[in-house]
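**Q** This is the structure I have questions about; it appears just below.
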Amino acid sequence: MSNAAAILRSIHFAGVAACLAISSIAPVTAAARAQAKPLPILVVVVTTFELGADSGDRPGEFQKWVEGLPLPQTLPFPQGYRHLRYDPASGVLGIVTGEGAERGAASIMALGMDGRFDMRRAYWVIAGIAGVDPAQASVGSAAWASWVVNADLGYEVDAREIPPAWETGIVPFGRKAPFQAPAPAADSMQGEVAYPLNAALVDWAYGLTEREPLPDDPQLRALRERYPEANARKPPFVLKGDTLSGDRYWIGEDMRAWAERWVPYWTGGRGTFVTTAEEDAGIMQSLTFLAQAGRVDTRRVLVLRAASDYCAPPPGDSAAAVVAGEIKPAGYSAYLESLEAAYRVGSRVVRELASHWDRYADRIPAGGPMSMRGGTRPPSV
């Protein structure tokens, strides 16, 4: 993009954003709203929680983006969990959905239906923290998902009454036993269990960020040394791996074994369980419905989760002891490091997309970081 074009784009975005901000404090007629041109959004950064203010105090997922990207403007969003932040220079919009699948789904649906914004060509970068399987990665690592799998949909037999032959009490809807083959349809009247993401876009994002240096410190090294798995003992790194999304914060070796089978079961053997988080299935459900209405393009969605803690205890510890250890003022074992990892990795992609909009507006990137081979062109808008 030429310097002149970039300046004109910034002036346009700044003017529209100013109108959006003014509309929150001055009466605007229905006719004026109807005539206002929606603000074109290039990238939406989706986070799930913030502890206090948007900047200047102990951070949640959002604060790094507000301060570092930055996202200087505040936009009202009373129909959602928290106000929005926006950067008119880059066309990047940031949202905090609130924790849990319900808040995640409701906030994204509210944003997608907000007439102030045109998101038909926007990229979505869901960037949060999560538990991680020690068989796949270490705390402080960051994983790009190719699949989001719902952990909550299914039958569950009381753990004290599980038949001896069963590995778990969690049974898919429409089946009589855990992991009974064949797997049911992932999308049914009971809900949608598995959401495939655009594999070519995921490959591109991974290729762009796979060598991004991630924070490490003595605390993380000491924690890693307690685990026997080779991947759990590595310094933090960027990888590709899928996320299991459920509202229960689970910890334990048996639950880990279930998750390692549940993800490939629902993805036809193509998915690998790496991270566990709350909101992503709810967010993906709303984005799927919004795509049906022509308001977003789900081929432009990326999910990044950075590991704040292990989902299973190290040898010699109990799951209950791990839960007790996480409920403390310091937060999760790799809390600050995972926040930094999510921002470092995610912002690399966000900046690339927004600063080279002439390259990515009409063609979705695929493959290597600068390659357009295999890219897909969205419908004309």
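**Q** Have a look at Val202, Val274, Gly246 and report the one farthest towards the positive end of the charge dipole of region 185-274, computed about the Cα centre with Cβ charges (Lys/Arg +1, Asp/Glu -1).
**A** The residue sitting farthest along the positive end of the dipole is Val274.
**Q** So how strong a dipole does the chain carry about its Cα centre when Lys and Arg Cβ are +1 and Asp and Glu Cβ are -1, to the nearest 20 debye?
**A** Details: 37 positive and 42 negative charges, 279 e Å.
Using Cβ point charges on Lys, Arg, Asp and Glu, the chain gives about 1340 debye.
**Q** Write down the radius of gyration of region 99-218 and its Dmax, each obtained from C-alpha positions, in Å.
**A** Gyration radius and largest Cα-Cα distance of region 99-218: 18.7, 56 Å.
**Q** Could you pull out every residue, at least 5 positions away or on a different chain, whose amide H is within less than 5 Å of the one on Thr272? Hs are placed 1.01 Å off N in the peptide plane, and Pro or chain starts have none.
**A** Placed amide hydrogens put Asp242 under 5 Å from Thr272.
**Q** What percentages make up the Cα-Cα pair-distance distribution of the chain when the bins are 20 Å wide from 0?
**A** 28, 57, 15, 0
**Q** Moving to a separate point now. Give me the three principal axis extents of region 57-138 from the C-alpha atoms, as integers in angstrom, largest value leading.
**A** Largest to smallest, the principal-axis extents are 44, 28, 28 Å.
**Q** Counting only residues 5 or more places away or on other chains, whose amide H sits under 5 Å from the amide H of Trp147 once H atoms are built in the peptide plane?
**A** Residues meeting the criterion, in which the H sits 1.01 Å from N, are Leu197, Thr243.
**Q** Could you tally up the Lys pairs in the chain with alpha carbons closer than 26 Å? Skip any pair fewer than 8 positions apart unless they're on separate chains.
**A** On the way: Lys64/Lys234; Lys64/Lys240; Lys64/Lys328; Lys234/Lys328.
Summing the qualifying lysine pairs gives 4.
**Q** Evaluate the relative contact order of the chain (contact order divided by residue number), counting alpha-carbon pairs under 8 angstrom at least 6 apart; express in whole percent.
**A** Numbers: 795 pairs, mean separation 88.4, N = 381.
Computed over the chain, the figure is 23 percent.
**Q** Taking the chain as a Gaussian network, where each spring joins two C-alpha atoms under 10 Å apart, which residue of Asp54, Asp114, Asp87 fluctuates the most?
**A** Most flexible of the set in this elastic network: Asp114.
**Q** Okay, moving on. Sorted by average packing, counted as other Cβ atoms within 10 angstrom per residue and highest first, what order do 294-306, 130-142, 345-357 take? Walk me through the intermediate numbers first.
**A** Numbers: 294-306: 23.2, 130-142: 26.1, 345-357: 20.4.
Highest mean packing first, the order is 130-142, 294-306, 345-357.
**Q** Pop out the ³J(HN,Hα) list for region 214-219 in order, Karplus 6.51 cos²θ - 1.76 cosθ + 1.60 with θ = phi - 60°, rounded to Hz; leave Gly and Pro as x.
**A** Karplus-based 3J(HN,Hα) across region 214-219 equals 10, x, 9, 7, x, 5 Hz.
**Q** About the Cα centre, and with charges only on the beta carbon of Lys, Arg (+1) and Asp, Glu (-1), how big is the dipole of region 98-188? Nearest 20 debye, please.
**A** Values: 7 positive and 11 negative charges, 64 e Å.
About 300 debye.
Every number here is computed from the coordinates shown, using simple stated rules; none is lab data. Predicted, not measured: the structure shown is a model, and the values here were computed from it. Here the Cβ is made from the backbone with ideal geometry for all residues, glycine too, and neighbour counts use every protein chain on show.
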